[in-house]
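Working notes for the structure below.
The values are calculated or read from the model by the stated rules, or taken from the named source; none is laboratory data. Here the structure is a predicted model, which means the values were calculated and not measured. Don't worry about glycine lacking a Cβ; one is built from the backbone with ideal geometry, like all the others, and counts go over all protein chains shown. The protein model used for the area step is the full one, side chains on, heavy atoms only, and it has no ligands, DNA or RNA in it. Shrake-Rupley method; radii C 1.70, N 1.55, O 1.52, S 1.80 Å.
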Amino acid sequence: MKKITILVGTVLAFTLVIFMSSYFGGSQTAQGQNLKDSIKQSMKDTAEKNEKVEAFHKELNDKFKEEGFEGSLSTSIDNHFFSKQPSVTVRVKEKRYKKEHESEIKQFIEGVVKPYNFGEVAIHVKVEDRGIGDLSEEDRRLQELTHELFEISRKVLEQEGYNQVIAMRIDPRKSKQMIYIKIEGTESYYNNVKEDIERLVHDTVSAKKGLDYPVKVERRSEAEIRDMKWSPIFHSIMEETDKKFDKVSGFAYSFHPKPLQIIIKTSLSDGWFSWGVKKQAEEIEKYVKQVIEIKREELSIEKIPYKIIIRGTKANKLN
């Protein structure tokens, strides 16, 4: 009888172990899926908000010009890790203009902001610091020349079918008269078109403007390509951690040294009086990892090794 009791007890214990293992394993899987689903929904909401912010910026700039207002616009509505109240700032050149139009400008901006439901948005009208925004005659001439050369180069490259140009920089100063063009593509493509593009742009600029500017064509580096591919992932990390965690205050990354280091800055402190900091750091790390994997899969970016580092108030590693 005793042997039977022991046997029954053993079977029950074994069954309980299996049940607990199955329960907690299933529970962790469910939690992981819930977190993934939650992040995906948050990303969808973020994308919708970004579209709304972009539409707001366009409407504000367009209508500001249509109304005939003077000044430059800047906003902080879409800033990440920004603890202050979101704002729209108009910078004008003269105190007299501010005095005469400040009330009218603020009322106009309030009317544009209100339908977007961004919450309380501060509106500022400020006078630019003396000298800022005032170009010298020489600077204005160089600015106009740079714009002309850019348009000449852009048009001739488009006409000749060079659609791989991703950036152009022109320095018309006497000590550095140079046109820099950056293209993307394979090394073979770069070697095939480099001299043709340099000659084409040089000869066109020479014919149209009478300027003998050297042209230098460069290829986007592997590091730049890698940064470009991962840029949307980094942006999502900033957006989603800013929304989810009050203690997250910044973001940084570094591809050197390997592996890729993704650094999340926080206002957490692991002093003797701070309870639960390690657990909070682990939660942030887990969340960031899910954001990375979701966005990486969405963009079909090849997986590479990376390390997530959560830093505290003294830049100390918390995870």
**OP:** Might you check whether a residue that is of a type outside the set (Gly, Ala, Ser), farther than 30 Å from Thr266 by Cα and out of contact with any strand residue (DSSP E or B) (no Cβ under 9 Å at 6 or more places or on another chain) occurs anywhere in region 75-87?
**Re:** no
Original post:
Got a sec? Which of Phe81, Phe69, Phe108 is aromatic (Phe, Trp, Tyr), in contact (Cβ under 8 Å) with a residue 12 or more places away in the chain and in a helix (DSSP H, G or I)?
Top reply: Phe108
Subject >> Residue among Lys63, Lys95, Lys52 that is touching a residue at least 24 places away in the same chain (Cβ under 8 Å) and open to solvent by 100 Å² or more (accessible area, probe 1.4 Å) >> reply: Lys95
Subject >> Residues (surrounded by 12 or more Cβ atoms within 10 Å (Cβ to Cβ) and modelled with pLDDT under 90) located in region 19-49 >> reply: Gly32, Leu35
Original post:
Only one residue in Ile263, Ile309, Ile301, Ile233 is closer than 19 Å to Ile39 by Cα, modelled with pLDDT of 95 or more and among the aliphatic types (A, V, I, L, M). Which one?
Top reply: Ile233
Original post:
Considering only region 185-220, how many residues are without any contact (Cβ under 8 Å) to a residue 24 or more places away in the chain, under 32 Å from the mean Cα position of the chain (by Cα) and not in a helix (DSSP H, G or I)?
Top reply: 1
**OP:** Name every residue in region 169-184 that is modelled with pLDDT of 85 or more and either of a type outside the set (Val, Ile, Thr) or within 25 Å of the chain's Cα centre (by Cα) (or both), in order of residue number.
**Re:** Arg169, Gln177, Met178, Tyr180, Ile181, Lys182, Ile183, Glu184
Original post:
of a type in the set (Gly, Ala, Ser), out of contact with any Leu (no Cβ under 7 Å at 6 or more places or on another chain) and buried (at least 16 other Cβ atoms within 10 Å of the Cβ): does that describe Ser87?
Top reply: yes
Original post:
Within region 301-319, restricting attention to residues that are in a strand (DSSP E or B) and touching a Ser or Thr at 6+ places or on another chain (Cβ under 7 Å), which residue is least open to solvent (accessible area, probe 1.4 Å)?
Top reply: Ile310
**OP:** Kindly provide the set of residues from region 38-49 that are farther than 14 Å from Asn117 by Cβ, without any contact (Cβ under 8 Å) to a residue 12 or more places away in the chain and within 18 Å of the chain's Cα centre (by Cα), ordered by number.
**Re:** Lys44, Ala47
**OP:** Among the residues of region 218-242, write down those that are over 29 Å from Asn192 (Cβ atoms) and surrounded by 15 or more Cβ atoms within 10 Å (Cβ to Cβ).
**Re:** Ile233, Phe234, His235, Ser236, Ile237, Met238, Glu239, Glu240, Thr241, Asp242
Original post:
With (1) under 30 Å from Lys209 (Cβ atoms); (2) open to solvent by 50 Å² or more (accessible area, probe 1.4 Å) as the list, and Leu142 as the residue in question, which single condition is left unmet?
Top reply: (2)
